[in-house]
Amino acid sequence: MYETHYHRAGSVDEATKLMADAEGGKYVAGGQTLIPTMKQRLAAPDSLIDLRHIADLKGVTVNGKDVRIGAGTPHAEVAGSTQLQAVCPGICYLAGHIGDPHVRHMGTIGGSIANNDPAADYPSAMLALDATIHTSKREISAGDFFIGMFETALEEDEIVTAVSFTAPDKCAYSKFPNPASRYAMAGVFVAKSGDGVRVGVTGAGMDGVFRWEEAEAALASDFSAAALDGLSVNAGDMLEDMHGSSEYRANLVKVMAKRAVAAIS
Amino acid sequence: MGIEGIGARVARKEDKRFITGKGRYTDDMSVPGMKHAAFVRSPHAHAVIKGIDTSEAKKMPGVIGVLAGAEMKTDGIGSLICGWMIHSKDGSPMNMGDWRPLAETKVRYVGDAVAIVVADTKAQARDAAEAVKVDYEVLPAVTSAVDALKPGAPQIHDNAPGNQIYDWEIGDLDAVDKAIASAAHVTTLDIVNNRLVPNAMEPRAALGVYDEAEDHYTCWTTSQNPHVARLVMSAFYNVAPENKLRVIAPDVGGGFGSKIYIYPEEITCLWASKKTGVPVKWVADRTESFLTDAHGRDHVTTIKMAFDADNKITALKADTIANLGAYMSLFSSVVPTYLHAILYSGQYVIPAIHCNMRTAYTNTVPVDAYRGAGRPETTYALERVVETAARELGVSPAELRRKNFIREWPYQTPVILQYDSGDYEASLDAAMKAADYDGFPERKAEAESRGKKRGIGMSCYIEACGIAPSQAIGSLGAGVGLWESAEIRVNAVGTVEILTGSHSHGQGHETTFAQLVSDRFGVPIDSVSVVHGDTDKVQMGMGTYGSRSGPVGMSAVVKALDKVEKKAKMIAAHLLEADESDIVIENGQVKVAGTDKALGWHEVALNAYTAHNLPADMEPGLKETAFFDPANFSFPAGCHICEVEVDPDTGKVEIVQFVASDDFGNIINPMIVEGQVHGGLAQGIGQALLENASYDPETGQLLTASYMDYTMPRADDLPSYHVSNTVTPSPLNPLGIKGCGEAGAIGSPPALINAITDAIGNNNLNMPATPQRVWAAINAA
Ligand SMILES: Cc1cc2nc3c(=O)[nH]c(=O)nc-3n(C[C@H](O)[C@H](O)[C@H](O)COP(=O)(O)OP(=O)(O)OC[C@H]3O[C@@H](n4cnc5c(N)ncnc54)[C@H](O)[C@@H]3O)c2cc1C
C-alpha cells in the first residue's frame, strides 16, 4: 500500500467537504474492495475519507412495505434483519451469501452498489426491486444508476446515502458462485408484485448487471419455472473467462432464474 | 503402549502455541538494526535485460541499498543448482540452464528476481523497488511444455536446444510394444496432470544477518531442511563456508515440498546483509508466493494398458511431457523420473512397463516436488486407465484390480522398485465394505429420482516413501545421501531432548517423536523436548519431505534410543549389582526383572552425570547419536472410494462419500495420521475439482495469481471422510512404519475423476473438474 492520509467524517456534509479539500481522495466504507486494491498498489488515493462513522448512513427501516437501507449498513445486518426478512426475504438471503463472515460484517450495501462490480450480488436486487438510490445530491432509479461494469451514475464526490424500495409480494435470489472468488458467476433476483415481475441478473452480463426482460414478460403471464423453458439469454452478451464460457454463463442465468422462481411459486 | 507411547492418540503438544498465535515464525524474528527488503521482479515472462538503472531508487526515502545481479556475480555468488543428475536415453547429461539468484542478462518468467532494495521500512523498500528502471526487450514466451518442445518455440536457455532438458526412458520398450501388439485388449488414455500452486499458509521469508566481527552469517528461513540449505548455500552458492553459516528454520507454516528448495531470496538476503551492513528481512506477500514458489505437477501423458484374453495386464506404456518451468529447481529432475516412472507397476503384476519422459523449459515459475511429488501423477494416469479398461472390458473395476493384484512380497517390479510388504486386497475389501459398494445401484437410482447423476469411482494406489537408501539413489544421480540423524540427550534429572534432522512444519514431530521416548523409558512426553531446525544445535540432517520423517527420521531416533537404553541398563546393572541382561525398563523404572530391585529412570540419569559410581571404563553422561540409512523405500498403499452427485444443470459436483482405507504400516499416533490423511485428501480433492495454475499462453502472465481466481479447497468443498487403516508393517525399519504424509493427495484424484466420469457417462474429462467442464462434458456425451 502506498502512503495515504486518513480522514474520519462525522456527517455526509463533512465528508463531501473533506473530499473537496483532498487531492485524489476516495471514500472508504467497509474497505472490502478498496483496501485490497490499495494493498496491491492498484489504487493509490492520496486521502481516504472514512464514511463508517456517519450515523445517518446506518441501519434498516421497514415501514409497512416501504424499506430503506442506509448505505453504510453492513451485509450481515441486512442478512440478519428480522423486519426485512418478514417483507423481503430475498434480499436477506442475498446479503447472507456475500463473501464470508468477515466480509459481511465490514462490507456495506453503499460500497457494493457504488463499486458496481459486474459479479456483485446487490445490483441484481436493486434492479429487480426497482430501488431508488439516494445520494448526497439526488435520487436515482436503479435502472439509471448502474451504467456498465464498475460504472455508475455517481459523480466523483457524490455519496450514496441509502437505498429504498417497496417490498414485492414475493422475491427470491439464486446464485451460482464462482468456485474461487465466490462472487456470482450468475446471480438472478426475481421479484413479483402487483405491477408485474422483474428479473435482475448479475455476474454474467458483459455490460454488468441487467434485467432479463423476456423472462419478465413470460413470468408475468405464467409465474412458473416452466415458463422459462423456451427462453434463453444471448450467449454473445455474456462474459467469458477461465471460470465460465459465455455459453455456460447463459445456461447458468436460465438455471438460476428457474431456481429462484421455483423457490417462490 | 502406555497412555503416551506408540499407538496412543496423544493430543499435539505444539498446538497450543499454534492455535493461540504464539508460534515463532521467521517473520516474528527481529534483530537489532534489522531492515527490510523488497525484490524488483520481472513483469515479463521472457525478456532481455538491456540495462538496470538504480539511481532514482537509491535516492528514495529510507533506502539503504539497491543491489543487482552484476555485483552479485562479481562477489562470486554462485548459480542455483539442481541436485540430481538425470541422463537422457542417448547418454547425454540433462541440460541445466544457468539460474542466477538475480537475473543479469535475461528474465525467464514473470516474477524472476532482478534486484533487491533494502530500506528502513517494507513500504519504503517497495516504493523504491518500483523506482528501479529496468530496460527490457520483450521476447515471445511459451508456457506449455508441449508447445515449448515444438520446432520454432522461443528458445529459453542457450544450452538447451529446443527447450528440452532431458529425454529419458525406463523399462523394456521392445517387450512392451510386443505385448501391446499381441494384446487381446488395449486401453489408451490421454491425461493432463494439472499444474498446482502449493499455497503454504505461511509465505516464504528470510532474514539474513552478517556479523562482520565474526565474519559469520545467520539465516532464518522458511525451510523444510535447514541443513541442506546450509550445505547448498555454502558448497554451491559460495555464501560462506558451513562453519560460518548458521541456518535456522523456526516454526514453519506448511511447506508441501515448496520449502525444500533454496530460492534466490535467502541467498540474496544474506549477501545483501554483508553488502549493506544491516540485517535484511524479506517476507513474501501472497502475490509473490503465487508467482515464485515452485509449482507442482504439470504433466501431459498418453498411457496405454494391454490385457490378455483373461483380463490380466500384460504391459503398460506411458509417454509424458513434463513442464519444469524456467529453471531447474533443486529436485525438479527427479520428480518426473525416479519419483514417478518407477511407480507405474502400481499394485499390479505388470510383466512389461515402459515410460518415456521428456521435460521442457517454459516461461513459468520452476516446477518441483509438491505433496506426493511424481507419485500423484503416476497414480492418476494408472488408476484412470485401469478404471477405463474395466469399463471397456465390461467388468467390475474392483474385480479387474483384484485379478491383477500383487500377492507376494517382497515384489520386484520391472522398473527398479522392490515393494517391501502389503496386502492390497485387504484395503480394497475394507474400503468397499465401508463404502457399501454393493449398495451403490440403489443409491444411484434414488439420486436419479432427485434429478442428480450419481457415480462411484475408486483408486488403488501405491507410493514410495521414506526417501531414501543413499547408495541406491547415488547410483541414480542423487547429489546427496538421504539418511537421517538423531541424538538423544538424557539430562541429569532424567528429562530427555531429541535432536533430529527432520523438520516439522505442521507434522507434529514434537508429539510423535516424544511418544517414542515415552514408550521406551516410561517418561511423560511433557518431559521430552524435540529440538530441530537449527544447524547450530542439530549436527546434520536431511529434513522433511517425501513422508520420510517417520520411516527415516524416527528410525534414527530409535537407533539412538537403543544406544541410550543399553548404556542406561549397564549403569543400572552396575548399581543394582545385577546382570545387564536381567534389567528391564518399565513405567519409568529401571528394574531387575522379577525382583523388586529398581531405580527410578531419573536416578540412573543422575548417576550417569555424577559419575560417582559407574562401571569401570564407562564414560560419564547419557547421550547418544545415530544415523539411519534405509535399506529401501517403504511402500504405503491403500484404496480410496469416492461417490459423487452431479447437478446436470450446472455441472457442480458434490462429494457425497469419501472412503480411504490406507496401509501405512505401524502407526505411532493415529490422530496425527488421520490429520495427515485429511490434509492430503483436501489437496487431492483440490487438484481433482478446484485447483489450476493457469498462465496466459501468449504473455506468460499468471492468470491465477490470487484467491479470486485460484480455487483453494474450503471446508464446504470437502466431505466428512471415512478413514481407516489396514496394517502390514514395513520389514525395513525398526518401527515398521511406511509413511502417511502424501497418500491422501496421491490416492484421491483418480477416485474422484473416476466417480465423476461414471456419473456423467463421459470419460473425456480433465482435472480440475470445474462445474463448467463437467457441464460441457455432460452436454458432449
Ligand atoms: C473476500 C471477499 C469476498 C467478497 N465476496 C463478495 C460476493 O460474493 N458478492 C459481492 O457482491 N461482493 C463480495 N465482496 C465485496 C464486498 O461485498 C464489498 O464489501 C463491497 O463490494 C464494497 O463495499 P465496501 O463497503 O467494502 O466498500 P469499500 O471497499 O469501502 O469501497 C468500494 C468503493 O465504493 C466507494 N464507496 C463506498 N461507499 C460509498 C458510498 N456510500 N457512496 C459512494 N461511494 C462509496 C468507495 O470509494 C470505493 O470506490 C467480497 C469482498 C471480499 C474482500
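Annotation note: of B:456, B:467, the sole residue that is in contact (Cβ under 8 Å) with a residue 24 or more places away in the chain and either assigned to a helix (DSSP H, G or I) or touching an Asp or Glu at 6+ places or on another chain (Cβ under 7 Å) (or both) is B:456. Collect the residues in segment A:66-91 that are buried (at least 22 other Cβ atoms within 10 Å of the Cβ) and either within 14 Å of another protein chain (Cβ to nearest Cβ) or within 15 Å of the ligand (Cβ to nearest atom) (or both), keeping them in residue-number order. Correct list: A:69, A:70, A:71, A:72, A:73, A:74, A:75, A:78, A:90, A:91.
Put simply, of B:731, B:750 the only residue that is within 21 Å of the chain's Cα centre (by Cα) and not assigned by TED's automatic domain parsing to the domain that holds residue B:516 is B:750. Quick one: would you say residue B:776 is assigned by TED's automatic domain parsing to the domain that holds residue B:388, touching a strand residue (DSSP E or B) at 6+ places or on another chain (Cβ under 7 Å), over 30 Å from residue B:630 (Cα atoms) and of a type outside the set (Phe, Trp, Tyr)? Here the answer is no, as residue B:776 does not meet what is asked.
Number of residues in segment A:163-191 that are more than 14 Å from chain B (Cβ to nearest Cβ) and either more than 13 Å from the chain's Cα centre (by Cα) or within 19 Å of residue A:140 (Cβ to Cβ) (or both) equals 13.
Rundown of residues vs (1) surrounded by fewer than 17 Cβ atoms within 10 Å (Cβ to Cβ); (2) within 14 Å of another protein chain (Cβ to nearest Cβ); (3) touching a strand residue (DSSP E or B) at 6+ places or on another chain (Cβ under 9 Å); (4) in a loop (DSSP other than H, G, I, E, B), yes/no style:
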{"position": "B:677", "(1), (2), (3), (4)": "no, no, yes, no"}
{"position": "B:682", "(1), (2), (3), (4)": "no, no, no, no"}
{"position": "B:687", "(1), (2), (3), (4)": "no, yes, yes, no"}
{"position": "B:700", "(1), (2), (3), (4)": "no, no, no, yes"}
{"position": "B:707", "(1), (2), (3), (4)": "yes, yes, no, yes"}
{"position": "B:712", "(1), (2), (3), (4)": "yes, yes, no, yes"}
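Looking across B:115, B:57, one residue alone is aliphatic (A, V, I, L, M) and part of a helix (DSSP H, G or I). It is B:57. Checking each residue in segment B:568-620 for being touching a residue at least 24 places away in the same chain (Cβ under 8 Å), surrounded by 16 or more Cβ atoms within 10 Å (Cβ to Cβ) and assigned to a loop (DSSP other than H, G, I, E, B) picks out B:588, B:614. Taking the stated definitions as given, is residue B:727 among the aliphatic types (A, V, I, L, M), surrounded by fewer than 18 Cβ atoms within 10 Å (Cβ to Cβ), over 25 Å from residue A:184 (Cβ atoms) and more than 14 Å from chain A (Cβ to nearest Cβ)? Yes.
For segment A:49-65, state whether one or more residues are within 19 Å of residue A:189 (Cα to Cα), of a type outside the set (Phe, Trp, Tyr) and either within 14 Å of another protein chain (Cβ to nearest Cβ) or near the ligand (Cβ under 10 Å from one of its atoms) (or both).
no
More than 13 Å from the ligand (Cβ to nearest atom), over 28 Å from residue A:15 (Cα atoms), more than 14 Å from chain B (Cβ to nearest Cβ) and modelled with pLDDT under 95, is that true of residue A:205? No; evaluated as a whole, the condition is false for this residue.
Looking only at residues in segment A:188-211 that are closer than 27 Å to residue B:708 by Cβ and charged (D, E, K, R), which one is surrounded by the fewest Cβ atoms within 10 Å (Cβ to Cβ)? For segment A:188-211, the residue satisfying everything is A:207.
Residue under question is residue B:538, and the condition is that it be under 30 Å from residue B:743 (Cβ atoms) and either surrounded by fewer than 23 Cβ atoms within 10 Å (Cβ to Cβ) or touching a Phe, Trp or Tyr at 6+ places or on another chain (Cβ under 9 Å) (or both); does it hold? So residue B:538 passes the test. What are the residues in segment A:1-43 that are of a type in the set (Phe, Trp, Tyr) and away from chain B (no Cβ under 12 Å), if any? Scanning segment A:1-43 gives A:6, A:27.
If you take the residues in segment B:108-136 that are within 12 Å of chain A (Cβ to nearest Cβ) and in contact with a strand residue (DSSP E or B) (Cβ under 7 Å, 6 or more places away or on another chain), which one is surrounded by the fewest Cβ atoms within 10 Å (Cβ to Cβ)?
Just the residues of segment B:108-136 that are within 12 Å of chain A (Cβ to nearest Cβ), to begin with: B:121-124, B:126-127, B:129-130.
From what's left, in contact with a strand residue (DSSP E or B) (Cβ under 7 Å, 6 or more places away or on another chain): B:121-122, B:124, B:126, B:129.
Working: B:121: 12, B:122: 16, B:124: 21, B:126: 20, B:129: 22.
By that ranking, first place goes to B:121.
Is it true that residue A:125 is part of a helix (DSSP H, G or I), of a type in the set (A, V, I, L, M) and near the ligand (Cβ under 8 Å from one of its atoms)? No.
Quick grid of which residues meet (1) among the β-branched types (Val, Ile, Thr); (2) touching a residue at least 12 places away in the same chain (Cβ under 8 Å); (3) under 19 Å from residue B:295 (Cβ atoms); (4) not assigned by TED's automatic domain parsing to the domain that holds residue B:239:
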site: B:106; (1), (2), (3), (4): no, yes, no, no
site: B:121; (1), (2), (3), (4): yes, yes, no, no
site: B:133; (1), (2), (3), (4): no, yes, no, no
site: B:150; (1), (2), (3), (4): no, no, no, yes
site: B:157; (1), (2), (3), (4): no, yes, yes, yes
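Inspect all residues belonging to segment A:223-243 and state whether any of them is more than 30 Å from residue B:688 (Cβ to Cβ), in contact with a strand residue (DSSP E or B) (Cβ under 7 Å, 6 or more places away or on another chain) and among the hydrophobic types (A, V, I, L, M, F, W, C). Yes: one or more hits.
Every condition in (1) near the ligand (Cβ under 9 Å from one of its atoms); (2) free of Cβ contacts under 8 Å to residues at least 60 places away in the same chain; (3) within 14 Å of chain B (Cβ to nearest Cβ) is met by residue A:120 except one, and the failing one is (2).
Under 9 Å between Cβ atoms, which residue pairs at least 6 apart in sequence (or on different chains) link something in segment B:8-22 that is of a type outside the set (Val, Ile, Thr) with a partner that is surrounded by fewer than 13 Cβ atoms within 10 Å (Cβ to Cβ) and modelled with pLDDT under 95? Note: pairs meeting the criteria are B:8/B:1.
Could you go through segment A:100-117 and let me know if any residue there is more than 11 Å from the ligand (Cβ to nearest atom) and among the aliphatic types (A, V, I, L, M). No - not one qualifying residue is present in segment A:100-117.
For segment A:145-162, filtered to residues that are outside any loop (DSSP other than H, G, I, E, B) and over 12 Å from the mean Cα position of the chain (by Cα), the residue that is nearest to the ligand (Cβ to nearest atom) is A:160. Within segment B:238-256, the set of residues being surrounded by fewer than 24 Cβ atoms within 10 Å (Cβ to Cβ) and not in a helix (DSSP H, G or I) comprises B:238, B:240, B:241, B:245, B:246, B:248, B:250, B:251, B:253, B:254. Within the set of pairs 6 or more residues apart or between chains, which connect a residue that is not assigned by TED's automatic domain parsing to the domain that holds residue A:171 inside segment A:95-109 to a residue that is near the ligand (Cβ under 7 Å from one of its atoms) and hydrophobic (A, V, I, L, M, F, W, C) with Cβ atoms less than 8 Å apart? Pairs that qualify, where the first residue is not assigned by TED's automatic domain parsing to the domain that holds residue A:171 and the partner is near the ligand (Cβ under 7 Å from one of its atoms) and hydrophobic (A, V, I, L, M, F, W, C): there are none. Evaluation of residue A:131 against the conditions (1) under 12 Å from the mean Cα position of the chain (by Cα); (2) within 13 Å of the ligand (Cβ to nearest atom) shows that the sole unmet condition is (2).
The values are calculated or read from the model by the stated rules, or taken from the named source; none is laboratory data. Treat the numbers as computed from the prediction; the structure is a model and nothing was measured. Here the Cβ is made from the backbone with ideal geometry for all residues, glycine too, and neighbour counts use every protein chain on show.
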